Ligand code: 6GU
């Protein structure tokens, strides 16, 4: 899978990309991530990418020319333009269904905003798939792009080993429930014991316990998921 990120702050990404699951996926050639600085497509002598809003108001707005040029130039490289995802609190809310949908793309181009927002004509011209990671405001789309990348990459074939496959994750599978409680050694800690059934070796009973535990937790914590 090819991922391109357009941002004013490309340096926010390498630390995150260089660790754990994602760094292994990149090293194994399963994911190819390219970072692009939108400022490289500004054509005035001060490399301006933002300006004050017409009509007044606080903050700065990302300018239409450098952003449109940057996106079009990046989409022209590579075998296909790919899906353009704009990170903004006004987008559709990210959930595991959206993640699954994106994981089917061969290429995704992420457009991260900063400041108070994008010139509206960027939306009109580029018609991006706008995504929000929740009903709160971040300082920019960069962390949101990392969230989307992290969630999508888990679903790319072979990125996770069998050891930590994504099939049993919370929100995965047809029923979209929370995952059951898990335990590892020791069997007892501060008087708290691991449920005996998990030590029984009876796989049928273990499966039933997990099913019930998953349902009970979902009912207690996220009844909205049960419909
Ligand atoms: Cl995608 N961007 C920003 N700036 N804030 C957000 C967001 C995105 N999703 C939730 N809040």
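The values are calculated or read from the model by the stated rules, or taken from the named source; none is laboratory data. Keep in mind it's a predicted model, so treat the numbers as computed, not measured. Cβ sites come from the backbone with ideal geometry, for glycine too, and all protein chains shown count toward neighbours.
Annotations
- The conditions of being outside the structural domain of residue 10 (by TED's automatic domain parsing), in contact with a helix residue (DSSP H, G or I) (Cβ under 7 Å, 6 or more places away or on another chain) and over 27 Å from residue 20 (Cβ atoms) are met by residue 197.
- Any hit, region 166-189, residues being within 16 Å of the ligand (Cβ to nearest atom) and within 29 Å of the chain's Cα centre (by Cα): no
- Of the helices (runs of 4 or more DSSP H) contained entirely in region 116-227, those carrying at least 3 residues that are closer than 30 Å to residue 63 by Cβ fall at 120-126, 142-153.
- For residue 54, the conditions (1) over 27 Å from residue 102 (Cβ atoms); (2) under 25 Å from the mean Cα position of the chain (by Cα) all hold with the exception of (2).
- If only residues of region 83-97 that are surrounded by 16 or more Cβ atoms within 10 Å (Cβ to Cβ) and within 13 Å of the ligand (Cβ to nearest atom) are counted, the one that is nearest to the chain's Cα centre (by Cα) is 94.
- Residue within region 116-126 that is within 16 Å of the chain's Cα centre (by Cα), in contact (Cβ under 8 Å) with a residue 12 or more places away in the chain, within 14 Å of the ligand (Cβ to nearest atom) and buried (at least 20 other Cβ atoms within 10 Å of the Cβ) present: no
- Index of the failed condition, residue 54 passing every other in (1) free of Cβ contacts under 8 Å to residues at least 24 places away in the same chain; (2) within 12 Å of the ligand (Cβ to nearest atom): (2)
- Tally, over region 38-70, of residues that are part of a helix (DSSP H, G or I) and touching a helix residue (DSSP H, G or I) at 6+ places or on another chain (Cβ under 6 Å): 8
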